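Sharing a structure with you now.
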Amino acid sequence: MTQLALVIDLNVCVGCHACVTSCKQWNTSGEAGYLSDDNPYGADPTGTFFNRVQTFEVGEFPKTETVHFPKSCLHCEDPPCVPVCPTGASYKRAEDGIVLVDYDKCIGCNYCAWACPYGAREIDEHQKVMKKCTLCVDRIYDQALPEAERKPACVMACPTSARLFGDVHDPESEVSRAIRDRGGYALMPEWGTQPANHYLPRRKAVAEIHPDELTRHDNPLKVDGQLPRPAPGEPALDDVTSW
Amino acid sequence: MRPAWSVILFTTLAGAGQGLFLALFAADLFARAPPDFAAAGAAVALGLLAAGLAASFFHLGHPERAWRSAAMWRTSWLSREVIVLPAFMAAVAVYGLTHALSYDRNISLLIGAAATVLCFALFVCTGMIYACLPFLQEWRTPLTVVNFIAFGCASGFTAAAALAAVRYPALAPRYALAALVLGGAAYLTRLASLARNARLRPKSTLATAIGIKHPKIVQIAQGAMGGSFNTREFFHGRPREVVRAARWAFLALVFPLPALLLAFAQNSFAALFAAFALQYAGLLAERWYFFAEAKHPQNLYYQAIA
């Protein structure tokens, strides 16, 4: 069985929000209708987004580091938002594991948003239906697009390739290998939602230098220094080097 | 969580209507109240339920699609509630009619028994809507369902006492006594849930939310310059003093003050109606606090705007 998902590498995410804008652009222009925005250039802008890049500071000054953290629907394997939906508008596709909302059936009761511990669902304040990441379901199967572009808009946009897309149930897929080899983890594992999306941890390239590595014991200069100087009058090529 | 007034009104009004029906049926079972009292009571109960139902529609973005919400009764407590509520209302209406038209007592008792089953089913559905969400730890307890049942019964019996003071005064003191007992029980279970929730430790932390093992993580930006649905729906947005005041208000209004009236003015309609009004106001505060107290784990992701 297929379970499409994103794998997000926190080690290379630079927090540029290209995935956010690309997601918004693609998903506000599709046949499912616009994504609401109010006061986009005003004092109190608000709107519906499928994807947000958040920033956290880990540690205490001066030993802090900044972590950029893209957050979207995790397409849980056991999604708590689906069984609570009274109309069946919220559903998980059997064929590829994408969790979707049928905007024509949604009554806008917010119950699924209450049931999502990640805050991945946002109501559209104008269309009054619940919206969330679709993994660009209207893009990834589009035969009119070149095969290399049949990826979610956020993945296409990421300048550092921090976002990988693929089938996490296929052990040989790029995403499965990344999770396996690079310590991919799930968010809030305590709730048993089994998110399909995974995050790759930040890695430090630490160069450990021991004091004895700062001096070279086989330094040729020192070796030279230990050689007996040629006696004056001995034949030498340049008056320095002995035979 | 942000307290949703539509839901607060629905749960309190429907709860009172359900309790009122149970009070009528109890009198029917034991004391044989006159049929016109039962019919009038059923009409009032239906009115409360209908008002609650109307309030609940304001919670929906698309009320015209509300009929769809009966679909997923296999998995969703909300869907089950949507089915049980009209069934219960229909049963109460038929129950009232059998009394108004003076049908055979056995028929109305049979219908009343069916309505009682539906009544408790509705209580359980309403409570489980909240108690079934595992990560809203404040709600994830059988006490949630128990409190919905106990407060519904208490307010319904208080309403029945007020109604009886007008229509059938002989019953008023008995209803007042029952309302006292039920109100006291509801108060105790609510205190129990308050004590339980005060000792809760959140299972989710920022470390599990973003998967970075460090005790000190601070959010710098949440990915939006202004607010979003996530900042509006999951935060009550009131200062701590308001939440605390709501707790003290409901702790005073929901039982102690009405209890004085119920205990010492068991035959006066004005006093009994005041008891119901005070208790209902307390229930509004109680339900408001019920929402405000619940801390959704998604709030971990929405702690700073920058």
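The numbers here are math on the coordinates, done by the rules we state, and not lab data. Just so it is clear, the model here is predicted, and its values are computed rather than measured. Positions of Cβ are generated from backbone atoms using ideal geometry, with glycine treated the same way; all protein chains shown enter the neighbour counts.
For the pairs A:LYS132/B:LYS295; A:LYS131/B:LYS216; A:LYS128/B:LYS295; A:LYS105/B:LYS213; B:LYS216/B:LYS295, flag any whose C-alpha to C-alpha distance is greater than 29 Å.
A:LYS131/B:LYS216; A:LYS105/B:LYS213
Run lengths n ≥ 4 of DSSP H only: what is the helix-derived mean residue ellipticity at 222 nm for chain A, with -39500 (n - 2.57) per run over all residues, to the nearest 500?
Numbers: 6 runs with 39 residues, N = 243.
Value at 222 nm, helices only: -4000 deg cm²/dmol.
Please compute the volume of the convex hull spanned by the alpha-carbon atoms of the range A:45-95 and report it per residue in Å³.
Taking only Cα atoms, the range A:45-95 has a hull volume of 159 Å³ per residue.
Give the Rg/Rh ratio for the range B:59-132, taking Rg as the radius of gyration of the Cα atoms and Rh as the Kirkwood radius, to two decimals.
Radius of gyration relative to Kirkwood radius: 1.09.
So, one more: Based on the Cα gyration tensor of chain A, what are the three equivalent ellipsoid semi-axes, each the root of five times an eigenvalue, rounded to whole Å and given largest first?
Square roots of five times the eigenvalues give 57, 20, 18 Å.
Please give the helix B:142-167 orientation as an angle from the longest Cα principal axis of chain B, in degrees from 0 to 90, rounded to the nearest 10.
With both axes taken from Cα atoms, the answer is about 30 degrees.
Based only on Cα atoms, what Rg/Rh ratio does the protein assembly as shown have, Rh being taken as Kirkwood's radius?
1.20
How large is the helix-only mean residue ellipticity at 222 nm for chain B, computed as the sum of -39500 (n - 2.57) over DSSP H runs with n ≥ 4, divided by its residue count, in deg cm²/dmol to the nearest 500?
Values: 11 runs with 211 residues, N = 306.
Taking each H run of at least 4 residues, the total per residue is -23500 deg cm²/dmol.
How far, in nm, would the chain grow between A:PHE61 and A:LYS204 when pulled straight, counting 0.36 nm per residue and subtracting the alpha carbon separation?
Values: separation 143, 0.36 × 143 = 51.48 nm, distance 1.84 nm.
Difference between extended and current length: 49.6 nm.
Something else: Limiting things to C-alpha atoms, what are the Rg and the maximum Cα-Cα separation (Dmax) for chain B, in angstroms?
Radius of gyration, then largest Cα-Cα span, for chain B: 21.2, 72 Å.
Same structure again: Let me know the longest stretch in chain B that avoids all trypsin sites (Lys or Arg not before Pro) found in a DSSP loop with at most 12 other C-beta atoms within 10 Å. Don't skip to the answer; put the middle values down first.
Working: sites that count: B:ARG32, B:ARG74, B:ARG199, B:LYS213, B:LYS216.
The segment B:75-198 is the longest one with no such site.
Next question. Helix A:18-28 against the longest principal axis of chain A: what's the angle in degrees, Cα atoms only, rounded to the nearest 10?
20 degrees
Put +1 on the Cβ of every Lys and Arg and -1 on every Asp and Glu Cβ in the range A:4-200; which of A:THR64, A:CYS81, A:PRO45 then has its Cα farthest towards the positive end of the dipole?
Farthest along the dipole direction, towards plus: A:THR64.
Would you mind checking the tilt of helix B:172-198 against the longest principal axis of the Cα atoms of chain B, expressed as 0 to 90 degrees and rounded to 10?
The answer is roughly 10 degrees.
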